[in-house]
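Engineer: Here's a structure for you.
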Number of protein chains: 2
Amino acid sequence: MLNWKIEDTKFDIDNVDLNGSRYLIGNGYMGYRGTLEEYNAKQLVALNMAGLFDRNGDSWRESVNAPNPFYTVCNVGDEILNPFNGNVIAHNQTLNIRHGLHSRRTEFKVGKAIVTVIAERFLSMKDENLAVLKFTVCSDRKITINVNTKVDLNVWSINGNHFNVEETTRNDDINIIKMSTGELSIPLWIYEKIVGADNETTVTIAPEKSFTFTKICGVYWGEKCDDSYINFASLCDKTYETLKSEHIAVWDNIWENSDIEIDGDEEAQKAMRYSIYHLCSIAPRNTEKCGIPARGLSGQVYKGAAFWDTEMFMMPFFSFTDRNVAQNLIKYRINTLDAAKRKAKEFGYEGAFYAWESQETGDDACTLFNVTDVFTNRPMRTYFKDRQIHVSADMIYGLWNYCTVSGDYSVLKKGGLDLMLQGLLFYYSYASFKPLKDRFEIHQVVGPDEYHERVDNNAFTNKMISYSADAFIKALNYIKENDYEYYEKFIENNDISWLNNFVNKLYVPVPDENGIIEQFDGYLQLEDIGLDELKKRILIENEYLGGGNGLATTTRILKQADVVMMLNVFRAQYNTEIKKANWEFYEPYTEHGSSLSACAYAIVAAEIGMTEWAYKYFMKTATIDLTGNTKQYLGSLYIGGTHPAANGGAWNTAIFGFAGVSYTDECLNITPRLPKKWNSMKFNLLWKGVKLMVEIKGNSTTVKTDSDITSLNVTVNGKRI
Amino acid sequence: MLNWKIEDTKFDIDNVDLNGSRYLIGNGYMGYRGTLEEYNAKQLVALNMAGLFDRNGDSWRESVNAPNPFYTVCNVGDEILNPFNGNVIAHNQTLNIRHGLHSRRTEFKVGKAIVTVIAERFLSMKDENLAVLKFTVCSDRKITINVNTKVDLNVWSINGNHFNVEETTRNDDINIIKMSTGELSIPLWIYEKIVGADNETTVTIAPEKSFTFTKICGVYWGEKCDDSYINFASLCDKTYETLKSEHIAVWDNIWENSDIEIDGDEEAQKAMRYSIYHLCSIAPRNTEKCGIPARGLSGQVYKGAAFWDTEMFMMPFFSFTDRNVAQNLIKYRINTLDAAKRKAKEFGYEGAFYAWESQETGDDACTLFNVTDVFTNRPMRTYFKDRQIHVSADMIYGLWNYCTVSGDYSVLKKGGLDLMLQGLLFYYSYASFKPLKDRFEIHQVVGPDEYHERVDNNAFTNKMISYSADAFIKALNYIKENDYEYYEKFIENNDISWLNNFVNKLYVPVPDENGIIEQFDGYLQLEDIGLDELKKRILIENEYLGGGNGLATTTRILKQADVVMMLNVFRAQYNTEIKKANWEFYEPYTEHGSSLSACAYAIVAAEIGMTEWAYKYFMKTATIDLTGNTKQYLGSLYIGGTHPAANGGAWNTAIFGFAGVSYTDECLNITPRLPKKWNSMKFNLLWKGVKLMVEIKGNSTTVKTDSDITSLNVTVNGKRI
């Protein structure tokens, strides 16, 4: 189990915030931070609810943290057993990432006694509403201990309280708290059943004996509240062990398709699995109504909103391993198409302009001022919301890439085709035709490298739009061939007469005589300084490097390289020379100020044979939430938490970089290039609905399948197998 | 002579810098700051040379200040007679603006004696190379005084020394200093002839007697140096009085056409004449190789460069009063067309993109970073150079407006037509065609309101481009009708097939349902605060309000109102309701942070019957260089000096605002609306080459002409006269 365990073996007060993210457990419905049972708001305790948002007064709208069902604290007389009070003799915190189990064991010195607190908890992967705890306390001497457990309202919330408690009752040993959110009065009900104790229990423990109780809580919000009592009552009579084994069984099933086994590199193996663990913990398994927030379910940072990260960094993992989750994510975007149309209209465009920060309705939670200037403490006008227009193309990419990978085109007729067309229409209305150049250009955008705002012809953006147009044409052809009636109706209801001209005349930057693709018009004219020089110029540590007057704005320094990202996404369309030239050109300018940056560099590095660099960036990406070595502040804005896009990026790097998986519409190819240390790599992929079991060992690559479909086009090192 | 005299009657150390500009004398070839003869670089002494530029090291290129030919200082023993040393009993500094004569009279207490220094000087309007001084010293007691006079190299220069002295000789009582500039080795030679003294003279003055000498200096640069000795020798034998009377005669002649007589308002009369004085002092009379710098010839601020100000604010005065100067200004722009083409190419456009800051070659002296951020002391990226694109249209306006007013179309065939077409081609290559709206839009520009950068469809800019296209078509038709051969050749050599489509589909913002013309796309969505609120937010006095993070940037607060400027320029095209609605809408948002702002408000206010407001803004404009109440710093950049554009704006306000002169291509109309105080207003205009002598007195307006042309279309209050 070594590679399935994250562990701290002592208490470190400096790691409390970080461990809240590192030891996160989640089941897609909710996420619970890796805090200790006796902690409260000060230690950032949070039961973050996926898809539930609230706005408190004038502060920004954010996801909500429900009250803490696991709150339990012991005291011996006046002495409260909490590491913050000192007297910790030994401490161990463990996360079992195979099964989403959090446990802790802490020995406290209380007078002459050593009192040990042991707890294990999980959020049930089988029954998503259940939060389950087993709590044990023992002592080396006879001692009388008070144990208090409750659903604690004192939890972390960035923008204040989001709930009104409407009713607290008790029925059949079940405590019930009924609350509702302030803004939209959405109900959130919590059930608490304690087995083997009361909310307040005083117990005298004999030496070497222990006192144990379990606690089963049910957390329901929205329409789910309606039948929640019946649902909870039917579940809460099960024992802790039964619930745990049911939970474990689901996790084992998840790993069946998701795991990547790496032999020869314990560290990479653990980081890889840890990344996959996070993706699986936060994936929306049973809803089409929410995306994956940029900080997962680790809190409210970035407002609990879904960004382009989902489609570009996480979707490949789900498309290749879990069709259900991938479909849910796509349907969430289809369900929010109207909001994207509203946004387009608001900014004077047609079609669908997807939100930069998407909450439950898909309306944009992003403000026009989302960085604070550290020099003046004033809000700074940024252009994430109105100019980072690649977001609609990212949606189209996520959708069409899913279709290509899964072979499942059903989403097209469930609104997917509309999403694609409306996204393109937005770009057409956004684009500028330059008659003297006889081409469409895309002006005033922000690319993923957010340090350069309102640039013209950003390579990544233009390429994504061009891809989107191609994808739509393919999708339309697919429908035409497979459901002519639907096709006829679609083109009857939608004017697409402009499309061919737009596609044909859309400008996409191409390599210059040195093979360099300029990130945007005029990039090469910017001040040519390296990162060291830029850092010397920094006056205040957290100053924002982009924006109107940022240090990077007028230089070539990038937050993340759009061009390398583009070469990564469209890896099948550019040759090794181009990839190499651009990787080497842009790398020295790249700050990697975004957690999205490293994996793009890693994948392209692997492709051009720079395996050591690839490995370095892979480890950076895969360990991001283990080490906590990330930017914690943007200006004066706290941006800590987990990084699911980097988790997805780690999977992408392993599969597309090291295993060398690439694919066109029809054919999947594997050209392995494992890091030196790795003896073998083993993983499963779902390709066109067929499970491929891949094992790479030295120079040998085997691909097995449990189906007998022969039409599948899979090659290894370019040779059909 | 009351209204022709500017006078200080005591010495005030706080006014020394300001008086340098207030008491400026100039003759178009050079300008000499209103400093005392004994001053040096510390007091900003400068003989600023029109059209001569130099770059010292890495600092920016600037106009140069030649050595000081007037330097003269007296001492009695150790005591130097300089107000900075104290002991001033009486002091008088006078500028005769009718004749460009500067004089001073200072009584110093020296021991028990009172020593009086009297000096008068001028830069000859007849012989532009001559700088002439008469210096007298007297005492109430017998006293021995040393008088030192020389050509002093210790003069003000913002970016250090620009000259290498190559030779100092003496020939026939003439001291000769030959120097050359550092960057381009351009010669600048100065001749000094002293009559009645030597460079160092010791004289014992009897009580109530005086010692007087005169000094005639010649300043020549560039090719003029070649024949300079002969030229100077032929002039320097004339007496001071002869040279003075020749100088005066030319000035009298200038006033003949330029003066505006105002009866009933001494203050306005003086300010009006003072404004005209400045325009006439700095007008390039004998060269087609330089424009009028934004700070006139008062120093090196704004690099001595010509801005759009010339064409939009000063040209009307010259077009209506001095065809020679107007032609010189136009030819300067025609002569720099190649530089404008280079600039267009540099930024990826076709045609001619005129310099924001134009020096002798017309290459842009503006940098991409011309404000310093007061919070970080870093250069701030601004968009004056690359986005204030209205500048090319301003050139076309200046040219075509001159043709319209003067009836002189000769400049069209001397490169004027090329200038117009190349300017338009630039706009065509800049414009974005939006197929869904079926129109050309102009994006990412900076309008005269520089606080809002990179805006789309700035009303002023789009309107100016539209005007330019119309003007070009008219100009082309004129040529077609008057010189078909030239026309044929022109359209053979130039592709203008795109023009009609561009003109017809160019979007120009129109009034909304409230009559408001939105300054640019999205302006009305900006934060709606007043000036007071904005000022409360200021943290550091000189902080720049525009740019990426400026306080005004995200609000409706304007440096100057583009829309009001547009209504002013195109006053014949918009009705009173529109003018009134927009004046009232934009005025509360206007900071008047530019000296160009007030006159546009004044003229439109006069047109809509708000005469008191008009008068207030007129006086603000006309007294700008008398009071010195202007912004002295932009960020940390010193921007003081004279304001010829405001001087021109004062003339415009008097003529177009109060006298109510407006004109179309063919017809000039006068609809007077004098301020209450003004009993009468009298002025001359050259309209289509005919001198109109206008007198407005109460309700009666008379227009006389000394020619007998009857075809002239002139109306008063809309009635043909």
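The values are calculated or read from the model by the stated rules, or taken from the named source; none is laboratory data. None of these values were measured; they are calculated from a predicted model. Glycine also receives a Cβ, built like all others from the backbone with ideal geometry; neighbour counts cover every protein chain displayed.
The rows are residues; the columns are (1) crowded, with 24+ Cβ neighbours inside 10 Å; (2) farther than 29 Å from A:Phe520 by Cβ; (3) under 15 Å from the mean Cα position of the chain (by Cα); (4) touching a residue at least 24 places away in the same chain (Cβ under 8 Å).
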{"site": "A:Ala306", "(1), (2), (3), (4)": "yes, no, yes, yes"}
{"site": "A:Asp309", "(1), (2), (3), (4)": "yes, no, yes, yes"}
{"site": "A:Ser319", "(1), (2), (3), (4)": "yes, yes, yes, yes"}
{"site": "A:Asn324", "(1), (2), (3), (4)": "no, yes, no, yes"}
{"site": "A:Gln327", "(1), (2), (3), (4)": "no, yes, no, yes"}
{"site": "A:Asn335", "(1), (2), (3), (4)": "no, yes, no, yes"}
{"site": "A:Gly351", "(1), (2), (3), (4)": "no, no, no, yes"}
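Engineer: Modelled with pLDDT of 95 or more, in contact with a helix residue (DSSP H, G or I) (Cβ under 8 Å, 6 or more places away or on another chain) and not hydrophobic (A, V, I, L, M, F, W, C): is that true of A:Asn647 in this structure?
Structural biologist: yes
Engineer: Could you go through region B:458-478 and let me know if any residue there is free of Cβ contacts under 8 Å to residues at least 12 places away in the same chain, more than 14 Å from chain A (Cβ to nearest Cβ) and of a type outside the set (A, V, I, L, M, F, W, C).
Structural biologist: yes
Engineer: If you go through region B:131-155 one residue at a time, how many are in contact with a helix residue (DSSP H, G or I) (Cβ under 7 Å, 6 or more places away or on another chain) and either within 15 Å of B:Leu188 (Cβ to Cβ) or modelled with pLDDT under 95 (or both)?
Structural biologist: The number of residues fulfilling the criteria is 1.
Engineer: Would you confirm, using the coordinates I've provided, whether B:Ile186 is among the β-branched types (Val, Ile, Thr), touching a helix residue (DSSP H, G or I) at 6+ places or on another chain (Cβ under 8 Å) and in contact (Cβ under 8 Å) with a residue 40 or more places away in the chain?
Structural biologist: Taking the combined requirement at face value, the residue satisfies it.
Engineer: Can I ask one more? I'd like to check something: does region A:373-388 contain any residue that is more than 28 Å from B:Gly348 (Cα to Cα), more than 14 Å from every other protein chain (Cβ to nearest Cβ) and touching a Gly at 6+ places or on another chain (Cβ under 7 Å)?
Structural biologist: Looking for residues that are more than 28 Å from B:Gly348 (Cα to Cα), more than 14 Å from every other protein chain (Cβ to nearest Cβ) and touching a Gly at 6+ places or on another chain (Cβ under 7 Å), one finds none in region A:373-388, hence no.
Engineer: Does B:Phe520 satisfy the criteria of being aromatic (Phe, Trp, Tyr) and more than 18 Å from B:Val391 (Cα to Cα)?
Structural biologist: no
Engineer: Would you mention how many residues in region B:404-454 are closer than 24 Å to B:Ala561 by Cα and either touching a Lys or Arg at 6+ places or on another chain (Cβ under 6 Å) or within 14 Å of chain A (Cβ to nearest Cβ) (or both)?
Structural biologist: Residues meeting the conditions: 16.
Engineer: Looking at (1) at pLDDT below 95; (2) within 14 Å of another protein chain (Cβ to nearest Cβ); (3) crowded, with 17+ Cβ neighbours inside 10 Å, find the lone condition where A:Thr554 falls short.
Structural biologist: In the conditions (1) at pLDDT below 95; (2) within 14 Å of another protein chain (Cβ to nearest Cβ); (3) crowded, with 17+ Cβ neighbours inside 10 Å, A:Thr554 misses (1) alone.
Engineer: In region B:523-539, how many are in a loop (DSSP other than H, G, I, E, B) and either in contact with a Ser or Thr (Cβ under 9 Å, 6 or more places away or on another chain) or more than 13 Å from every other protein chain (Cβ to nearest Cβ) (or both)?
Structural biologist: So the count comes out to 5.
Engineer: Here is a follow-up. Those residues that are in a helix (DSSP H, G or I) and under 19 Å from B:His643 (Cα atoms), I need them from region B:570-595; list them, please.
Structural biologist: none
Engineer: Could I ask something else about it? For region B:111-189, list the strands (runs of 3 or more DSSP E) that sit wholly inside it and hold at least 1 residues that are touching a Leu at 6+ places or on another chain (Cβ under 6 Å); which are they?
Structural biologist: B:113-123, B:130-139, B:174-181
Engineer: Tally up the residues in region A:358-371 that are touching a strand residue (DSSP E or B) at 6+ places or on another chain (Cβ under 6 Å) and either more than 13 Å from chain B (Cβ to nearest Cβ) or among the polar types (S, T, N, Q) (or both), please.
Structural biologist: Qualifying residue count for the region: 3.
Engineer: Output the residues belonging to region B:216-250 that are assigned to a strand (DSSP E or B) and out of contact with any Lys or Arg (no Cβ under 7 Å at 6 or more places or on another chain).
Structural biologist: Those that are assigned to a strand (DSSP E or B) and out of contact with any Lys or Arg (no Cβ under 7 Å at 6 or more places or on another chain): B:Cys217, B:Gly218, B:Val219, B:Tyr220, B:Trp221.
Engineer: On to the next question. Tell me which residues, restricted to region B:248-274, are β-branched (Val, Ile, Thr) and more than 21 Å from B:Glu120 (Cβ to Cβ).
Structural biologist: Within region B:248-274, B:Ile260, B:Ile262 qualify.
Engineer: Pick from region B:106-130 the residues that are among the charged types (D, E, K, R) and closer than 11 Å to B:Glu37 by Cα: which of them is surrounded by the most Cβ atoms within 10 Å (Cβ to Cβ)?
Structural biologist: Filtering first and then ranking leaves B:Arg121.
Engineer: Continuing with this model, one more query. Which one of these does B:Leu567 not meet: (1) assigned to a loop (DSSP other than H, G, I, E, B); (2) under 24 Å from the mean Cα position of the chain (by Cα); (3) more than 14 Å from chain A (Cβ to nearest Cβ)?
Structural biologist: Result: B:Leu567 fails condition (1) only.
Engineer: Continuing with the same structure: May I ask you to list pairs of residues, at least six apart or on different chains, whose Cβ atoms are under 9 Å apart, with the first in region B:86-109 being more than 29 Å from B:Trp255 (Cα to Cα) and the second being of a type in the set (Lys, Arg) and outside any strand (DSSP E or B)?
Structural biologist: Partner pairs satisfying both residue conditions: B:Val88/B:Lys10; B:Ala90/B:Lys10; B:His91/B:Lys10.
Engineer: While we're here: Out of A:Gln573, A:Gln560, which single residue is surrounded by fewer than 13 Cβ atoms within 10 Å (Cβ to Cβ), more than 14 Å from chain B (Cβ to nearest Cβ) and either modelled with pLDDT under 95 or within 30 Å of the chain's Cα centre (by Cα) (or both)?
Structural biologist: On inspection, the qualifying residue turns out to be A:Gln573.
Engineer: Restricting attention to region A:1-49, report how many residues are acidic (Asp, Glu) and assigned to a strand (DSSP E or B).
Structural biologist: Final tally of qualifying residues: 2.
Engineer: Here is a follow-up. Spot the failing condition for A:Gly547; the list is (1) on the phi < 0 side of the Ramachandran plot; (2) crowded, with 20+ Cβ neighbours inside 10 Å, and only one is missed.
Structural biologist: Of (1) on the phi < 0 side of the Ramachandran plot; (2) crowded, with 20+ Cβ neighbours inside 10 Å, only one is false for A:Gly547: (1).
Engineer: Still on this structure, please answer the following. Sort through B:Asp54, B:Asp8, B:Asp58, B:Asp14 and tell me the only one that's among the acidic types (Asp, Glu), modelled with pLDDT under 95 and more than 18 Å from B:Gly641 (Cβ to Cβ).
Structural biologist: B:Asp58
Engineer: What residue, among those in region A:333-351 that are among the hydrophobic types (A, V, I, L, M, F, W, C) and more than 18 Å from A:Lys289 (Cβ to Cβ), is farthest from the other protein chains (Cβ to nearest Cβ)?
Structural biologist: A:Ala344
Engineer: Go through region B:78-103 and give me each residue that's part of a strand (DSSP E or B), touching a Lys or Arg at 6+ places or on another chain (Cβ under 9 Å) and not hydroxyl-bearing (Ser, Thr, Tyr).
Structural biologist: Of everything in region B:78-103, those that are part of a strand (DSSP E or B), touching a Lys or Arg at 6+ places or on another chain (Cβ under 9 Å) and not hydroxyl-bearing (Ser, Thr, Tyr) turn out to be B:Val88, B:Ile89, B:Ala90, B:His91, B:Asn92, B:Gln93, B:Leu95, B:Asn96, B:Leu101, B:His102.
Conditions (1) over 23 Å from B:Pro379 (Cα atoms); (2) in contact (Cβ under 8 Å) with a residue 12 or more places away in the chain, marked per residue:
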residue: A:Val445; (1), (2): yes, yes
residue: A:Asp449; (1), (2): no, yes
residue: A:Ile516; (1), (2): yes, yes
residue: A:Lys535; (1), (2): no, no
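Engineer: Hey, another quick one. Do the conditions hold for B:Phe520, that is, is it within 13 Å of another protein chain (Cβ to nearest Cβ), buried (at least 19 other Cβ atoms within 10 Å of the Cβ) and modelled with pLDDT of 95 or more?
Structural biologist: Judged against the criteria, B:Phe520 is a match.
Engineer: For A:Ser497, only one of the following conditions fails: (1) over 22 Å from A:Gly351 (Cβ atoms); (2) out of contact with any helix residue (DSSP H, G or I) (no Cβ under 8 Å at 6 or more places or on another chain). What is its number?
Structural biologist: (1)
Engineer: Would you check if there is a residue in region A:441-458 being assigned to a helix (DSSP H, G or I) and crowded, with 20+ Cβ neighbours inside 10 Å?
Structural biologist: no
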